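The structure under discussion appears below in the form of structure tokens.
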Amino acid sequence: MNIVAGVLEGMALVFQPLPLILIVLGVIIGIAMGAIPGMTATMTVAVLVSFTFGMEPTTGMMLLLGIYGGALFAGSIPAILIRTPGTPSAAATIFDGFPLSQQGKGGNAIGIATIASFVGGAISVVLITFISPQIAQFALNFRSPEYFALAFFGLTIIASVSGDSIMKGMITGLLGMLIATIGLDPTTGYPRFSFGITALTAGVQFIAVMIGLFGLAEAFNRYREGIDGIDVEQDVTDIMPTRADLSDIRNVTFTSSIIGTFIGALPGAGGDIASFVTYNEAKRWASNATPPFGKGNIRGVAAAEAGNNASTGGALVPTLTLGIPGDSVTAILIGALLVHGIRPGPGLFEQETGLVFSIFIGFFLVYVVILVLGLLGAHFWVRIINFPPQYLWPIIIVLCVVGSFALRGGIFDVWAMVLAGLLGFVMRMDDYPLAPMVLGLILGPIAEENLRRSLQLSEGSLDIFYTSPIAMVILLLSVVSLLSPFLAKRFTAN
């Protein structure tokens, strides 16, 4: 396949008035929806995908890709300003984004997030344009043992995001994993911890729990401290990062973009895993950073957002080359292509060369639009937190309720969100970190399902893990990741 010819054919399809308009429109819709806690990219794309059925395949994909990229980027806005991630993959952005907002540097944090999102998305698109088949072949080697190892590696990040008390982080991480076991057993289909309550057999939506932990709990905390006089006036003059800022985040942004792309290429991994992994790696390699990670370091924001947005390009690799969705949004994109009689898979690059490269080029333009709208609109986003707090926090509580209700259209998720908010509020009063619980909720089910499936394949033998080179390497990295916080403290003490 001639890549140059494919790029030219794709450009001819994308650089027309309607596709370009739909890219901009899609990004605007995505930003508007992604900034609302609970209104995920998956939900937004799922609601609007039917509008593309009457369009040409390329035209319809431009709208959906714009929504996809815009929503993932916008999840960082409430994560930075009000400590409530708009999308699950923005949870890691809270660690340093919100402390920056508390210091009055919300504008700077959004500017950094915008630049990192653009770089991450753009690098991922360039990478997949040239090495999609190679990445897909590597991802195809991942079976249950490798997925368990990857999930276990993600869980070891709990040690790095536990703050001053690793024990408290372990407790909240295990609590998250326990909550994730509620519902049907993934292997036998038998109800677990449902106590005869029908709604519990479907499990607890981790997005509802996340909205409660970070959104409602923060609102409760604001009212406890006294809602007047605790908000910080945000500086809107330093949105554009300085040359020193860009130099500071350069290496971590490029590294996180590459890591995020490869994690996104693993079917089912997604931006939430990518953002936590890239954040942890950035923190691990900058143990003496000033300010420390978790206290408002711009490299933490850049790492999380670059990894998060880079995963979107990576997710297109198995989607287009193998017909296997990289995440929940690309599963919807596959459905949209099937409606047009186009079946993703190994033959797509030969049969629909123009469409494939139009997707790559269109997605690159999506991130250009995100860069422009993100920086131009940052003044508006920052002013959200300068809104009178006696009106802002009641609105945020309402958005938390609306976002959790919209997940499945039932009141059960609202109650789950409220209970998670009360739990998060109590945990914050006793200085229990909340991030490990989110990691347990997201990665616990992946680890459990793949561990059990691996043991079934090996008839109970653990050999299946250390006879797989990929799984063995990941597990060794997990040990290093698990021990590094303890070793760092020991060396610092000496």
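The values are calculated or read from the model by the stated rules, or taken from the named source; none is laboratory data. Here the structure is a predicted model, which means the values were calculated and not measured. Methodologically, a virtual Cβ is constructed for each residue, glycine included, from the backbone with ideal geometry; neighbour enumeration extends over all protein chains shown. The area values use the complete protein model at the heavy-atom level, side chains included, leaving out ligands, DNA and RNA. Shrake-Rupley method; radii C 1.70, N 1.55, O 1.52, S 1.80 Å.
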So which pairs qualify, if the first residue must be in segment 422-434 and within 15 Å of Ala208 (Cβ to Cβ) and crowded, with 19+ Cβ neighbours inside 10 Å, the second must be hydroxyl-bearing (Ser, Thr, Tyr) and at pLDDT 85 or above, the Cβ gap must be under 8 Å, and the two must be at least 6 apart or on different chains?
Leu434/Thr172
Return the pairs, sorted by first residue and then second, in which the second residue is β-branched (Val, Ile, Thr) and open to solvent by less than 30 Å² (accessible area, probe 1.4 Å), the first residue lies in segment 169-190 and is within 19 Å of Met429 (Cα to Cα), the beta carbons are less than 6 Å apart, and the residues are 6+ apart or on different chains.
Gly169/Ile158; Gly173/Ile158
For segment 1-76, give me every one of the helices (runs of 4 or more DSSP H) that falls completely inside it and has 3 or more residues that are closer than 13 Å to Ser358 by Cα and modelled with pLDDT of 80 or more.
3-14, 17-34, 57-74
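Right, Phe220: in contact with a Gly (Cβ under 8 Å, 6 or more places away or on another chain), in a helix (DSSP H, G or I), open to solvent by 30 Å² or more (accessible area, probe 1.4 Å) and aromatic (Phe, Trp, Tyr) or not?
Values: in contact with a Gly (Cβ under 8 Å, 6 or more places away or on another chain): yes; in a helix (DSSP H, G or I): yes; open to solvent by 30 Å² or more (accessible area, probe 1.4 Å): yes; aromatic (Phe, Trp, Tyr): yes.
Yes, satisfied.
For segment 265-277, does any single residue satisfy the condition of being touching a Lys or Arg at 6+ places or on another chain (Cβ under 7 Å) and either of a type in the set (S, T, N, Q) or in a helix (DSSP H, G or I) (or both)?
Within segment 265-277 (the criterion being touching a Lys or Arg at 6+ places or on another chain (Cβ under 7 Å) and either of a type in the set (S, T, N, Q) or in a helix (DSSP H, G or I) (or both)), the answer is no, since none of the residues qualifies.
Has segment 375-384 got any residue that is modelled with pLDDT under 85, open to solvent by less than 10 Å² (accessible area, probe 1.4 Å) and over 18 Å from the mean Cα position of the chain (by Cα)?
Let us first name the residues in segment 375-384 that are modelled with pLDDT under 85, namely 377-384.
Next, only the ones that are open to solvent by less than 10 Å² (accessible area, probe 1.4 Å) stay: 378, 382.
Narrowing the set further to residues that are over 18 Å from the mean Cα position of the chain (by Cα) leaves 378, 382.
Among the residues of segment 375-384, at least one is modelled with pLDDT under 85, open to solvent by less than 10 Å² (accessible area, probe 1.4 Å) and over 18 Å from the mean Cα position of the chain (by Cα), which makes the answer yes.
Here are Asn288, Asn308: which of them is crowded, with 24+ Cβ neighbours inside 10 Å and on the phi < 0 side of the Ramachandran plot?
On the way: Asn288 fails: crowded, with 24+ Cβ neighbours inside 10 Å.
Among Asn288, Asn308, only Asn308 is crowded, with 24+ Cβ neighbours inside 10 Å and on the phi < 0 side of the Ramachandran plot.
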Can you confirm whether segment 29-46 contains a residue that is open to solvent by less than 10 Å² (accessible area, probe 1.4 Å), free of Cβ contacts under 8 Å to residues at least 60 places away in the same chain, under 20 Å from Gly377 (Cα atoms) and not aromatic (Phe, Trp, Tyr)?
yes
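Of the residues in segment 19-37, how many are more than 30 Å from Pro394 (Cβ to Cβ) and either under 22 Å from the mean Cα position of the chain (by Cα) or of a type in the set (A, V, I, L, M, F, W, C) (or both)? Explain how you work it out, then say what you get.
Of all residues in segment 19-37, those more than 30 Å from Pro394 (Cβ to Cβ) come to 19-26.
The next check asks that each one be either under 22 Å from the mean Cα position of the chain (by Cα) or of a type in the set (A, V, I, L, M, F, W, C) (or both); those that pass are 20-26.
Count: 7.
Would you be able to say whether some residue in segment 10-18 is under 24 Å from Tyr223 (Cβ atoms) and more than 14 Å from the chain's Cα centre (by Cα)? Steps first, answer last, please.
Going through segment 10-18, the residues under 24 Å from Tyr223 (Cβ atoms) turn out to be none.
Taking every residue of segment 10-18 in turn, none turns out to be under 24 Å from Tyr223 (Cβ atoms) and more than 14 Å from the chain's Cα centre (by Cα).
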Helices (runs of 4 or more DSSP H) fully within segment 88-199 counting 1 or more residues that are at pLDDT 85 or above and among the basic types (Lys, Arg)
166-180
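Using the structure shown, decide if Thr59 is in contact (Cβ under 8 Å) with a residue 12 or more places away in the chain and surrounded by fewer than 24 Cβ atoms within 10 Å (Cβ to Cβ). Don't jump to the end; show me each part of the working.
Working: in contact (Cβ under 8 Å) with a residue 12 or more places away in the chain: yes; surrounded by fewer than 24 Cβ atoms within 10 Å (Cβ to Cβ): yes.
For Thr59, the condition - in contact (Cβ under 8 Å) with a residue 12 or more places away in the chain and surrounded by fewer than 24 Cβ atoms within 10 Å (Cβ to Cβ) - is met.
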Quick count over segment 317-347, residues being of a type in the set (A, V, I, L, M), at pLDDT 75 or above and either open to solvent by less than 10 Å² (accessible area, probe 1.4 Å) or not in a helix (DSSP H, G or I) (or both), is 7
Which one of the conditions (1) more than 16 Å from the chain's Cα centre (by Cα); (2) open to solvent by 10 Å² or more (accessible area, probe 1.4 Å) does Gly111 fail to meet, given that it meets all the rest?
(2)
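If I ask for residues that are surrounded by fewer than 24 Cβ atoms within 10 Å (Cβ to Cβ), out of contact with any Pro (no Cβ under 6 Å at 6 or more places or on another chain) and closer than 30 Å to Gly335 by Cβ, which ones from segment 265-285 would you list? Spell out how you get there, then give the answer.
Initially, segment 265-285 is screened for residues surrounded by fewer than 24 Cβ atoms within 10 Å (Cβ to Cβ), giving 267-268, 281, 284-285.
Narrowing further to those that are out of contact with any Pro (no Cβ under 6 Å at 6 or more places or on another chain): 268, 281, 284-285.
Matches in segment 265-285: Gly268 only.
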